[in-house]
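**Student:** Got a structure for you, written out below as structure tokens; questions coming shortly.
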Amino acid sequence: MKNNLLPVTGLVILLSSVVSSISAQDSTRNLTLKDAIDLSLKNSKQLKGSQAKIEESTAALREAVQRRLPEASIGGSYLYLTPPNINVKTKNNNSGGGSGGLNLGNIKISQVMYGTMNVSLPVYSGLKIQSGIESARFLDQATRLDADKDKEDIILNTVSAFANLYKAAGAVILVKESLAESRKRVSDFSNLEKNGLLPRNDLLKAELETSNIELSLLDAENNWKLANVNMNLILGLPEKTALIPDSASLQTGGDLKDIDEYEQLAFQNRKDMQAYTYRQKAAAEGTKVARAEYYPSLALTGGYVALDIPSFISVTNAFTVGAGLKYNIGSLWKTDAKVQQAKAREKQLRAGSESLNDNIRLEINQAYENYLSSEKKIDVYYRAIDQATENYKITKNKYDNNLLTTTDLLDAELASLQAKLNYAGAKADAVVAYNKLLQTADLLSNPSGIKQ
């Protein structure tokens, strides 16, 4: 592949002149593709959002793990009582049996105070806790893989924006060159017309072409400004910074592999496929969590109780130790629906994984064919430049010998300009197509990926 992106000498100098002539930006900055990628990853709002999702999933995992820890609670109450009637039933040992009442005399009870502390350690809950931990762990892994996938997407978006910026700046250069030539021709034709050597109609045609090129220049400059603002937003730079893209960094990075090899690499490396795998595992654990409702829960318990009824009774050092068994009978007819929902989520993820598999194959084939097509277009447009240049020379020679009209000359010049624009755009598009192919195989951020 040819390395020159535009058949223009001193491209960086020309781009600098473009920046200074069409924009009043506060500052200018030379930009390589590697710098652009580094800045976009550093300042990406999307990646910041992805990092926040990772923090959320990590916290969810920690919460699931903490469910294995003991539950502890402390409570206490103070109660005011209206004067109660109290009759404590006791066995009357003196009468050889029978029962009697304990006369509390004139004791007045008007308040009660008590406090409790309880600790419960889960022992068994139908594997609900363990499955919940595994599900949270798998979802955490999936979230991290999503962030890696976002990184690949951001790199490709940066490459595309860089190429658009380059094409826009290159278009301004070529249209300006054409405009300068067109204005010189108008000047020459004007002198010829004044001396009666050229029909006025030919001068008007030349002036009309100049006007059309001026309109094209306005469009090209507007496209450049928008591409520049878009690039600044992606990089997190002030939007008025004028960027000068480095053409040397817009290259494809190595030999093209066979399409089957790209498919194999995609199925091995794609983060979205791996994330689907983890989500399927999480869904399977979710089904186990739902089934756990069928089973009872067992916990070790311990506690402390303190009671004080002034003028009547005081209880301290009342410690309790034991085990608690709990079973929700309603789960027998309520849990089945939860299990069915969990199984349905598993089926959805399996179908989604199969659909993603097909989409990856399609993406690989599209990206591969697009890159091959872009390479062929480069060769065609490169030959077209030579053909258009030679055609213009021949047309100019015939025009000078009054064998062709001014219209023929202007058409030949326009064809030459279009060929240069097409070639410049094809080179930049090929870089984007190549990196799109790398992205579909998850090689874009890999050392074997983009060449910078």
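Computed from the coordinates by the stated procedures, all read-outs in this text should not be read as laboratory data. Only a predicted model underlies this, so the values are computations on that prediction, with no experimental measurement involved. Reconstructed Cβ throughout: ideal geometry from the backbone, glycine too, with neighbour counts over all protein chains shown.
**Student:** Quote the Stokes-Einstein diffusion coefficient, in whole µm² s⁻¹, for the stretch 263-348, based on the Kirkwood radius over alpha carbon pairs, a temperature of 20 °C and a viscosity of 1.002 mPa s.
**Tutor:** Reported coefficient: 121 µm²/s.
**Student:** Another question about this same structure. Please report THR407, THR389 as a ranked list, fewest other C-beta atoms within 10 angstrom at the top and most at the bottom.
**Tutor:** Listing THR407, THR389 from fewest to most nearby Cβ atoms yields THR407, THR389.
**Student:** Taking the chain, how much of its Cα-Cα pair set, in percent, is spaced more than 37 angstrom apart? Write down the numbers at each step before the final one.
**Tutor:** Details: 57847 of 101926 pairs.
Every Cα pair in the chain considered, those over 37 Å come to 57 percent.
**Student:** Using only alpha-carbon positions, what ratio does the radius of gyration of the stretch 136-196 give when scaled by 2.2 N^0.38 Å?
**Tutor:** This ratio for the stretch 136-196 stands at 2.51.
**Student:** Determine, at each q value in 0.19 (inverse angstroms), the log₁₀ of I(q)/I(0) that the Debye formula gives when each Cα of the stretch 284-443 is one equal point scatterer.
**Tutor:** Those come out to -1.11, one per q.
**Student:** Using the Kirkwood radius over C-alpha pairs as Rh, can you work out the diffusion coefficient of the stretch 367-452 via Stokes-Einstein at 25 °C, viscosity 0.890 mPa s, in µm² per second?
**Tutor:** Rounded, D is 165 µm²/s.
**Student:** In addition: What number, in percent, do you get for the relative contact order of the stretch 157-303 if the mean sequence gap of Cα pairs under 8 Å and at least 6 apart is divided by its residue count?
**Tutor:** Computed over the stretch 157-303, the figure is 25 percent.
**Student:** Could you order the peptides 275-285, 230-240 from most to least packed, using the average number of other C-beta atoms within 10 Å per residue? Present the calculation step by step, with values, prior to reporting the outcome.
**Tutor:** Details: 275-285: 20.5, 230-240: 17.3.
Result, highest mean Cβ count within 10 Å first: 275-285, 230-240.
**Student:** While we're looking at this one, here's another question. Counting other beta carbons within 10 Å of each Cβ, put PHE189, PHE162 in order, fewest first.
**Tutor:** Ranking PHE189, PHE162 by Cβ neighbours within 10 Å, fewest first, gives PHE189, PHE162.
**Student:** Taking just the C-alpha trace of the stretch 370-409, give me its Rg and Dmax in Å.
**Tutor:** Rg and Dmax of the stretch 370-409, Cα atoms, are 14.7, 45 Å.
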